[in-house]
Structures are given as structure tokens and as C-alpha cells.
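Just below is one structure, and these are the notes that go with it.
The values are calculated or read from the model by the stated rules, or taken from the named source; none is laboratory data. Quick caveat, the model's predicted, so the values are computed rather than measured. Quick reminder, even Gly has a Cβ in these numbers, built from the backbone with ideal geometry, and neighbours come from all protein chains shown. These area figures cover heavy atoms from the full protein model, side chains too; ligands, DNA and RNA do not enter into them. Shrake-Rupley method; radii C 1.70, N 1.55, O 1.52, S 1.80 Å.
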Amino acid sequence: MLTDPDRDPARPWLLLLDDEQPPQLIDAREPDFVVWSSLWKRRPDARVRFDLASDGTAGTDLRWTLLVEEPLPDPALLGHLRKRLNELINANLRYTFGQ
């Protein structure tokens, strides 16, 4: 799902706001990580890295990291970017696939 967020049109989860754009796949190595281009037109330098690790059973632990270049976003914008990633990944993606 992270390498192709629109793969299953019956389960849309990457619901973008007006100031956002679909990410491009920058890099990936199965089963370890995926890197997206920026979702935000205001910060085209931003990248989102997803690290994937086995949870020791049949599942996967997911950690996302927001990477930006200098200058860092002001606290309000940084909070917005983090909140959106949290909504998209920790809410939409998980709930869409019943987790």
C-alpha cells in the first residue's frame, strides 16, 4: 500500500487536502523501507520515510519519519505536517484495512 497508495480504489485512504499533492515513490527496498516525495506544495523538500520491521509474528511494525531541509518549518507548520501524517497513516491507512 505504501508503494502504490491508490492500488485498491475500493479502499481509498490517502485522502489529501487542497494544499497537498500525491507523493511520488523516491526509494524503496522490500521489506525494509519506503521513501515518499513531499505531500506539501509549500515544502517540496520534505520527504517521508517509512521503516518496516517484522513484529515477530505475522505483522509489521511501521515507523514514519518526516525529513525536511533547512530552514526548518515554523512550529505551526511543523505541527500541521506531523498531524496530517498521523491522520493519513495512523488513522486512515490502519482503519481502511481493519487494524
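Some notes on this structure:
- Residues in segment 57-95 that are under 20 Å from TRP36 (Cα atoms), hydroxyl-bearing (Ser, Thr, Tyr) and either open to solvent by less than 70 Å² (accessible area, probe 1.4 Å) or part of a helix (DSSP H, G or I) (or both): THR65 alone.
- Residue list for segment 14-35, filter: closer than 16 Å to ALA46 by Cβ and free of Cβ contacts under 8 Å to residues at least 60 places away in the same chain: LEU16, ASP19, GLN21, PRO22, PRO23, GLN24, LEU25, ILE26, ASP27, VAL34, VAL35
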